[in-house]
Each structure stands twice: as structure tokens, then as C-alpha cells.
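The values are calculated or read from the model by the stated rules, or taken from the named source; none is laboratory data. Predicted model only: the values in this text are computed from it and were never measured. Cβ placement follows ideal geometry from the backbone for every residue including glycine, while neighbour counts extend to all protein chains displayed.
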Amino acid sequence: MTLKNRIALTFTILTSLILALILCTVYYITSRYNRQEFLRRLYDRAEIAAQVVLEQDELNQRLLAEIRRKHLQTLTEEREFMLSLPYSRSDSPELPAFLNPEAIETLSKRGKIDFQDGRRLGVGIKYVDNQGTFAMFVTAFDQYGQAKLQNLARVILFVWLFYLFAVFFIGRWYGQRILRPIGELSRRMQTVNASNLHLRLPADGNPNDELHQLNSTFNRMLDRLAISVEAQKQFISNASHQLKNPLTAILGEVETALAAEDLPQEQKQTLNIIAEETRRLETLILQLLRLAQATGADHRDQFTTFRLDDVLFELAEELHTHPTGGHLKLDSSYFPEDSARLTIEGQRYLIKIALANILENALKFSGEEVEVALKVTDKHLLVCIIDHGIGIAPDDLSKIFAPFYRAQNARPLPGFGIGLSLAQKIVQMHDGKLEVESELGRGTAFRIFFPR
Ligand code: ADP
């Protein structure tokens with residue numbers, strides 16, 4: 001469940017429980033009040049009924065009966081019953097079902113009583129008259145009050161359900177609003193990598209706001225990362241320069257020694273090996289230097305607009321004859337008529353290095369024809385480099401972009417394991433994407449997407 005739904009649901013459950021409690025209390029208080037009100041009416045009726053029955057004076061009796069008829073509406077299922085006190089089982093008339101001797105006993109002591117008789121409410125009063133002491137009982141069903149209560153229950157249920165839906169949807173909407181900046185933060189975090197550490201989140205607004213603090217913390221973390229990446233880069237750059245100078249000197253000395261005419265064959269061979277290894281070391285240092293350059297800093301200010309097909313034609317010429325016998329076949333059938341569609345923005349020499357690394361690998365690991373195609377899509381310029389060489393094992397596919405990683409089957413061939421890592425960094429730096437597909441022993445296809 002998404003966080004926004006979880007917030008909305010928790011909020012809805014908690015508040016609707018509170019509301020249910022309040023509404024139930026309102027219902028309970030209203031029903032209590034209704035009952036009291038009805039009992040009060042029943043007491044009045046019992047009083048008047050007793051007077052009507054017991055009043056000797058004919059005139060008064062008629063008057064009371066008239067009042068009762070006019071002003072006291074008959075209640076639903078109303079029943080009256082009168083008996084003289086003290087109650088004796090043998091003398092008194094037979095009791096109706098709702099009365100028992102204990103109730104009469106209580107009434108005699110307290111003077112009045114109320115009770116429930118099924119769905120009817122009942123009251124009893126003690127009435128003292130010149131003819132003696134009597135007990136008058138009245139029971140009736142509070143139809144009007146019950147209807148009112150039922151209506152109230154329906155209204156309460158409707159209000160509660162409406163509240164439930166309204167709060168859930170408002171909660172979701174509000175949760176979405178509150179979480180939007182966090183979504184933005186996570187989206188930005190995903191785009192951060194070593195080649196775009198310059199990215200910063202907007203940290204404006206109220207500085208006490210938790211989201212503002214989160215953005216500032218994230219920005220400070222990026223600052224620290226950028227500083228450490230820059231320091232690392234600087235170190236590699238300095239170390240590479242320091243190593244290059246003595247290597248150049250060694251190579252110079254070896255070449256001078258090799259130029260001597262009377263050099264014995266054995267020494268010549270040794271010097272050639274030294275020269276070869278020194279050149280390898282020089283290449284490694286150069287690649288390390290480029291890797292360091294492509295990592296960390298924002299190069300966008302050095303971007304220019306150039307044609308990608310030009311770069312590919314240059315590479316096709318430069319790499320045409322490879323020592324392994326591999327050669328490039330540039331397929332221009334997909335090139336659009338409008339050459340402006342082949343332009344991209346970036347650092348030309350870095351993009352050339354990235355493509356050269358992938359092309360050299362294809363030539364090196366296949367030793368035969370390598371197909372190169374350039375395609376234009378709506379959003380990208382796509383370079384496809386397909387070889388039919390040794391291929392890459394499925395387990396190695398995810399590892400080959402790590403610096404210095406070389407698959408088992410590639411180890412007999414020369415290399416340092418830096419080329420692909422460098423190519424990937426350069427492509428990422430240009431907001432591009434590098435994809436690889438391969439089958440062991442059958443060949444490899446690299447696809448490089450550059451945004452147009
Ligand atoms: P290097 O070529 O110096 O070994 P890279 O970084 O260029 O280093 O490549 C890393 C690894 O990826 C290679 O060692 C190899 O195992 C694998 N690889 C790259 N390109 C290919 C390819 N075209 N065919 C087969 N394996 C490849």
C-alpha cells in the first residue's frame with residue numbers, strides 16, 4: 001500500500017472511530033431524554049385517570065373527562081389499571097400480565113414506579129383520596145419517540161458513512177500534496193550519480209519546515225560527496241601525471257638503446273619487452289586519467305553541438321585495420337536526409353573515446369567484421385555496435401562496467417578492464433544510456449542512446 005493511502009486510511013479509521021463514539025453518545029442521550037419525557041407524560045395521565053375514576057363530584061368528573069379527551073391524545077396501545085391499596089391477592093381484581101405483586105409492593109413504599117413492559121413503558125402512582133388509597137397504572141407504547149429515534153439513527157448512519165468517504169478522499173488528496181516534495185526528492189536522488197553531483201534541490205521556503213531541512217541535508221550530502229569525488233579525481237590526475245614523466249623517460253632511453261647497431265639479439269628482445277610493457281603502462285595511465293576526468297564534475301559548460309555521424313566516420317577510418325584482423329562496416333542506410341537530425345550536444349572528444357572503446361573491444365574480441373549502425377528515433381540518436389566474437393557469459397553482463405573487471409574468456413587478450421567503465425561514465429554524463437546484449441561464443445551487441 002502506498003504511503004499516501006496508508007496515511008489516509010489511518011486518519012479515516014481514527015477520526016471515524018471518534019465520530020462514531022460522539023454520534024453514539026448523542027443517540028444515547030436523546031433516547032434517555034425521550035424516555036424521561038414519555039414517562040413524565042405517563043405520570044400526568046395516571047394522575048388525571050385516577051382523578052376521573054375517583055372523583056365523586058359529577059361536575060368535576062365530567063370536566064376532567066373532557067380535559068382528558070381534548071388535551072391528552074390517546075397513546076398507542078395505552079392501558080390503564082387501578083387497584084386499591086393495600087393489595088391483597090384475594091380481595092383485589094386479577095392483575096394484568098404486566099403487573100406483579102412486587103411492583104405493587106415497591107409502589108406502596110415509594111409512591112411511584114416506572115417499568116418496561118415489552119415495547120411499552122409503564123408508570124404507577126399512589127393516589128390518596130377520601131375513599132382510601134389507590135394505585136393507578138398506565139402503560140403505553142411511545143410510537144412518536146421511537147419513530148424520532150429511528151430517524152435519528154438513520155441520519156447518524158448517513159452522516160458517519162459520508163464522513164468516512166469524505167475523510168478518506170480528502171486524506172488521500174492531502175497526503176499526495178504533502179508527499180509530493182518527497183516524491184520529487186526521491187526522483188532527483190535516483191538521477192544522482194558520480195557524473196552529475198552538481199544537482200541540487202531547491203531549498204527555499206520556511207527553514208523550519210521538515211521538507212526544507214530534508215532538502216538542505218540532501219544538498220549538504222551532495223556537497224560532501226562532490227568534494228570527496230573531486231579530491232579523488234585530483235589525486236588520480238596528479239598521480240597519473242607524476243607516473244607519465246618517468247615512463248616517457250624510460251621509453252626514450254629504451255628506444256635509444258634499441259637504436260644501437262651492435263646490440264646482441266637477447267638484449268634486443270629484452271629491451272623490446274620493456275618498451276612494450278612501458279607502452280601498456282602508459283595506456284593504462286592515460287585511461288585512468290580519462291576516467292578521473294569523466295567522473296564527478298559537471299562538464300556541461302564545455303558542451304558543443306556536433307554531428308555524431310562525423311565522429312563515427314572518423315573512427316571507422318582510424319580503427320579500420322586492427323591487429324586482430326577485425327574491421328568495421330558502417331551501415332549508413334538508416335541515416336536521415338536531414339543531417340541536422342544527426343547532431344547532439346556534448347563533449348566531442350569524450351564521446352569519441354567512449355565509442356572508440358566499445359568499437360575496439362568489438363574488433364579485439366571478434367577479430368572479424370563488426371557492424372556499426374546509426375539510427376535516429378524520436379528522442380534519441382542510437383549507435384548499434386554488433387560483433388560475432390567470443391560473447392559475454394550471462395553472469396558477467398552486470399559486472400563488465402565495473403572498473404578493472406575482465407571476464408574469464410577475455411583474459412588471454414590484452415586489456416585493463418577500464419574501457420567500458422569509462423564509456424559508461426561518459427554516456428551517463430551526456431544523459432544517455434548504454435545497453436548490452438550478448439551470447440557466449442556467438443557475439444555481442446552494444447546499444448548507445450544519446451538524447452537528441
Ligand atoms: P578490456 O577491453 O580492456 O578488457 P573493458 O572495460 O573495455 O576492458 O571491457 C571489460 C570486459 O567486458 C572485457 O574484459 C570483456 O570481458 C567484456 N567485453 C567488452 N566488450 C566485449 C565484446 N565486444 N565481446 C566480448 N566481451 C566484451
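Only one of the numbered conditions (1) near the ligand (Cβ under 7 Å from one of its atoms); (2) within 36 Å of the chain's Cα centre (by Cα); (3) outside any strand (DSSP E or B) is violated by Ala423, and that is (1). State all residues of the range 320-351 that are within 16 Å of the ligand (Cβ to nearest atom), closer than 22 Å to Lys375 by Cβ and surrounded by fewer than 19 Cβ atoms within 10 Å (Cβ to Cβ); if no residue qualifies, say none. Matches in the range 320-351: His327, Lys329.
Identify, by number, the condition in (1) of a type in the set (A, V, I, L, M, F, W, C); (2) crowded, with 16+ Cβ neighbours inside 10 Å; (3) over 43 Å from the mean Cα position of the chain (by Cα) that Phe313 doesn't meet. Failed condition: (2). In this structure, Gly417 does not qualify as more than 19 Å from Leu289 (Cα to Cα), touching a helix residue (DSSP H, G or I) at 6+ places or on another chain (Cβ under 9 Å) and within 8 Å of the ligand (Cβ to nearest atom). Test Phe446 against the stated conditions and say whether it is over 42 Å from the mean Cα position of the chain (by Cα), in contact (Cβ under 8 Å) with a residue 60 or more places away in the chain and outside any loop (DSSP other than H, G, I, E, B). No.
Just to check your reading of the model, which residue among Val123, Val128 is farther than 20 Å from Arg41 by Cβ and among the β-branched types (Val, Ile, Thr)? Step by step, each of Val123, Val128 is checked, and only Val128 is farther than 20 Å from Arg41 by Cβ and among the β-branched types (Val, Ile, Thr). Going by the conditions given, is Ala445 crowded, with 19+ Cβ neighbours inside 10 Å and either within 9 Å of the ligand (Cβ to nearest atom) or at pLDDT 95 or above (or both)? In short, no. Is at least one residue of the range 392-413 touching a residue at least 12 places away in the same chain (Cβ under 8 Å), closer than 20 Å to Asp331 by Cα and near the ligand (Cβ under 8 Å from one of its atoms)? Looking through the range 392-413, none of the residues is touching a residue at least 12 places away in the same chain (Cβ under 8 Å), closer than 20 Å to Asp331 by Cα and near the ligand (Cβ under 8 Å from one of its atoms). The residue that is farthest from Glu317 (Cα to Cα), counting only those in the range 330-364 that are over 44 Å from the mean Cα position of the chain (by Cα) and not in a loop (DSSP other than H, G, I, E, B), is Lys364.
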